[in-house]
Structure formats: structure tokens, C-alpha cells
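The numbers here are math on the coordinates, done by the rules we state, and not lab data. What you see is a predicted model; the values in this text were computed from it and never measured.
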Amino acid sequence: MKQKKLPMRMCLGCGEMKPKKELIRVVKNKEGQIALDLTGRMSGRGAYICKDKECFRKARKAGRFEKSFECRIEPEIFDSMEAELSEEE
């Protein structure tokens, strides 16, 4: 029987390729709102990070979210996403 291929994604923080289910999706929708997508089903442009807060901080410090979404992100949005990530752990 043929084995099903696992979708792999790269973490913006550490740069490692990991299975999609092990990562958290950050999404930018059509209105330009950016949020964590814990279900992985929201529509919009997605970027992935590990479930580790340290990876989130690395991606934020390096400006990888802004580069991925091609827009400026306010610090309040980052703070709310980090708080939501802390609740998830």
C-alpha cells in the first residue's frame, strides 16, 4: 500500500521543515487582519511557526512576518498573538 505524503512547512522562527500538523498557522485575511489560526482552516495568506514562543520571538525580531505578509504589523497585534500562543501551551 502506498504511504500518504505528509505536507511539510517551514517555521519562520527556526527555519526547520516540519510536518504541517506540528506547526501553528498565522494568517492574513483579505481585510488585512493578522491572527493566529489554530484550526488551520481560515482563508487567507498563511505563514507557519512552531508552537514554541521562542520561535515566535525570533520570527518577530527578524521581521519575517512582515516580509511574508508584505505589510507593516503593529506591535499590539504581535502582543495579542504572543498572549494567545502562551494560552495554547
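The equivalent ellipsoid of the stretch 9-88 has semi-axes of 16, 14, 13 Å, largest first, where each one is the square root of 5 times an eigenvalue of the Cα gyration tensor. The C-alpha atoms of the chain define a longest principal axis, and helix 75-88 lies at about 40 degrees to it.
The amide H of Asp37, built 1.01 Å from its N in the peptide plane, has Arg25, Val26, Val27 as neighbours under 5 Å, considering only residues 5 or more places off or on other chains. Helical content of the chain, expressed as a calculated mean residue ellipticity at 222 nm, amounts to -10000 deg cm²/dmol (DSSP H runs of 4 or more residues, -39,500 (n - 2.57) each, divided by residue number, nearest 500).
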